[in-house]
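Structure first, commentary second.
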Amino acid sequence: MSVKMKKSGIVRKSDELCRIVIPKEIRDKLEIKDKGYVIMFQQGKEIIVKKYDETCAFCGKKTGLIEFKDRFVCKKCVKELKEKFKN
């Protein structure tokens, strides 16, 4: 399988089930492990693929998380945000 570089990134052809492989160079940079998770969502006519990282967007905590707008936030940070914007 050949890999083509374009200004916008690496071009890959999908297989018969429309699967693609994330290039090793990118997996290594993002520290995506074998059988690791990524999250995909549509934005206009684009497909966005991101490393799925279940940590609080503010403090990095890994427990007690809720999902909000494609991000995770821990309960403590939610409470702090509520207090900050209470006015």
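The values are calculated or read from the model by the stated rules, or taken from the named source; none is laboratory data. Keep in mind the model is a prediction, meaning the values are calculated, not measured. With ideal geometry, Cβ positions are generated from the backbone for all residues, glycine too; neighbour counts draw on all protein chains shown.
Descriptive notes on the structure:
- Options Ile32, Ile39: the member that is without any contact (Cβ under 8 Å) to a residue 24 or more places away in the chain, within 27 Å of Cys74 (Cα to Cα), under 16 Å from the mean Cα position of the chain (by Cα) and not assigned by TED's automatic domain parsing to the domain that holds Cys77: Ile32
- Residue pairs whose Cβ atoms lie under 6 Å apart, sitting 6 or more positions apart in sequence or on different chains, and linking a residue in region 9-24 that is farther than 19 Å from Tyr37 by Cβ to a partner that is outside any loop (DSSP other than H, G, I, E, B), are Val11/Lys4.
- Given (1) at pLDDT below 90; (2) within 27 Å of Gly9 (Cα to Cα); (3) not small (Gly, Ala, Ser), index of the condition Lys45 fails: (1)
- Pick from region 1-42, criterion hydrophobic (A, V, I, L, M, F, W, C) and exposed (fewer than 10 other Cβ atoms within 10 Å of the Cβ), ranking: modelled with the lowest pLDDT: Met1
- Test set (1) surrounded by fewer than 13 Cβ atoms within 10 Å (Cβ to Cβ); (2) under 24 Å from Ile22 (Cβ atoms); (3) not aromatic (Phe, Trp, Tyr) - Lys82 fails condition number: (2)
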